[in-house]
1. Only one of 316, 254 is of a type in the set (A, V, I, L, M, F, W, C) and either surrounded by 18 or more Cβ atoms within 10 Å (Cβ to Cβ) or under 30 Å from residue 119 (Cβ atoms) (or both). Can you tell me which?
2. Among what's in the range 291-311 and is of a type in the set (Ser, Thr, Tyr) and under 11 Å from residue 244 (Cα atoms), pick the residue that is surrounded by the most Cβ atoms within 10 Å (Cβ to Cβ).
3. Being in contact (Cβ under 8 Å) with a residue 24 or more places away in the chain, of a type outside the set (Asp, Glu) and part of a strand (DSSP E or B) narrows it down to one residue among 269, 251; which is it?
4. Pairs under 7 Å by beta carbon, first residue on the phi > 0 side of the Ramachandran plot in the range 126-146, partner among the polar types (S, T, N, Q), six or more apart or different chains?
5. Pick from the range 194-216 the residues that are surrounded by fewer than 24 Cβ atoms within 10 Å (Cβ to Cβ) and among the hydrophobic types (A, V, I, L, M, F, W, C): which of them is farthest from residue 122 (Cα to Cα)?
6. Hey, any hits in the range 151-167 for a residue that's of a type in the set (S, T, N, Q), at pLDDT 95 or above and touching a Phe, Trp or Tyr at 6+ places or on another chain (Cβ under 6 Å)?
7. State yes or no: is residue 218 in contact with a His (Cβ under 8 Å, 6 or more places away or on another chain) and either assigned to a helix (DSSP H, G or I) or under 17 Å from residue 279 (Cβ atoms) (or both)?
8. If I filter the range 269-294 down to residues being in contact with a Phe, Trp or Tyr (Cβ under 8 Å, 6 or more places away or on another chain) and not hydrophobic (A, V, I, L, M, F, W, C), which single residue comes out as nearest to residue 249 (Cα to Cα)?
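The values are calculated or read from the model by the stated rules, or taken from the named source; none is laboratory data. Fair warning: this is a prediction, and the values are worked out from it, not measured in the lab. Here the Cβ positions follow ideal geometry from the backbone for every residue, glycine too, while neighbour counts run over all protein chains shown.
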Amino acid sequence: MKRVLVTGGAGFIPSNFIRHLLAKTPYDVVSLDALTYAGNVENLKDVMSHERLSFVHGDIRDAELVRDVVAQCDVIVNAAAESHVEKSIEHGASEFVTTNVEGTQILLDAIRAAPVERFILISSSEVYGTAERAPMDEEHPLNPRSPYAATKAGADRLAYSYFVTYGLPIVIVRPFNNYGPRQHPEKVIPRFVTQGLRDEPLTIHGDGHASRDWLYVDDDAEAIEAVIAAPLDAVVGEVLNVATGIDISVAAIADSVLDLLGKPESLKAFVTERPGQVDRHIGSTDKLERLTGWRARTSFEDGLARTISWYRDNEAWWRGILESETPRVSSS
């Protein structure tokens, strides 16, 4: 039976992925998380006692711990990352470099010492920067436009170099903008939802024309599982977008949230454009479908309605986060 290590397991995407693995596969799962601001153990509360889940409180920058954990696993899904664009701009890139790049390097060196079946790096569509052509396929140039995106690009290319240099079984996955339940309220969709639920202005950077390819988190979980299940020779050494092929502007997202909440359009508030803003992101879906058969199944309308329903029903979860932290805003 496979044992899958998910780093950053208490974060948004990886906690939903872990929940998916426990529900839909027979795999044993190990979650490794340092529990920084984005890693909330509450995200795994409903599955923490599951017989196939083990939780390790630790940092991927701890080389000794990582070696010990990796030696017990068959598949690594590295989803641990500092991921808040605004934080990388306002507070500097140091934590992003050490976690996103050096942490990845420590994991890669660990699998050199203790080989695994495959190592899946959860990269990011942010490494592409603004679309030079649409849709963006995996051969699109890498033009990261924020310190966060640059560190993700560094980890992405570092992992690829370990495939070329050492022949390690590396697969690089580049999800586009995820949304859904349990996402930190700094991100744009939960921020709009929680602002609307409190009758506060929905703050939109610039004129809101920036558009993204919005991927419901459960679809992303299915995609990552498909990469684990695919024949290794079909995916090893490959870069794989996880996208819908449809982009929607931030302003249109605000309109949809207000409509579904029954709130007035006057709640929209336009603020200064963020430095390094990416204008457009839209991903090609062809390669992942060809290699694994995966396609996104959730329409944005359905995904947004499910997301809003979750935040309505789990007010204590997001209010607790907002009350414990300095407010942040994001358009990604």
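1. Numbers: 316 fails: either surrounded by 18 or more Cβ atoms within 10 Å (Cβ to Cβ) or under 30 Å from residue 119 (Cβ atoms) (or both).
The conditions single out 254.
2. Step one: list which residues in the range 291-311 are of a type in the set (Ser, Thr, Tyr), which gives 292, 298-299, 307, 309, 311.
With the extra rule that they be under 11 Å from residue 244 (Cα atoms), the set shrinks to 298-299.
Values: 298: 19, 299: 12.
Applying the filter and picking the extreme gives 298.
3. Numbers: 251 fails: part of a strand (DSSP E or B).
Checking each option against the conditions leaves just 269.
4. Cβ pairs passing all conditions: 129/143.
5. 197
6. Initially, the range 151-167 is screened for residues of a type in the set (S, T, N, Q), giving 151, 161, 165.
Add one more test, that the residue is at pLDDT 95 or above, and what stays is 151, 161, 165.
Filter once more, keeping what is touching a Phe, Trp or Tyr at 6+ places or on another chain (Cβ under 6 Å): 151.
Yes, that holds for at least one residue.
7. Working: in contact with a His (Cβ under 8 Å, 6 or more places away or on another chain): yes; either assigned to a helix (DSSP H, G or I) or under 17 Å from residue 279 (Cβ atoms) (or both): yes.
Considered against the rule, which asks whether it is in contact with a His (Cβ under 8 Å, 6 or more places away or on another chain) and either assigned to a helix (DSSP H, G or I) or under 17 Å from residue 279 (Cβ atoms) (or both), residue 218 comes out as yes.
8. 281
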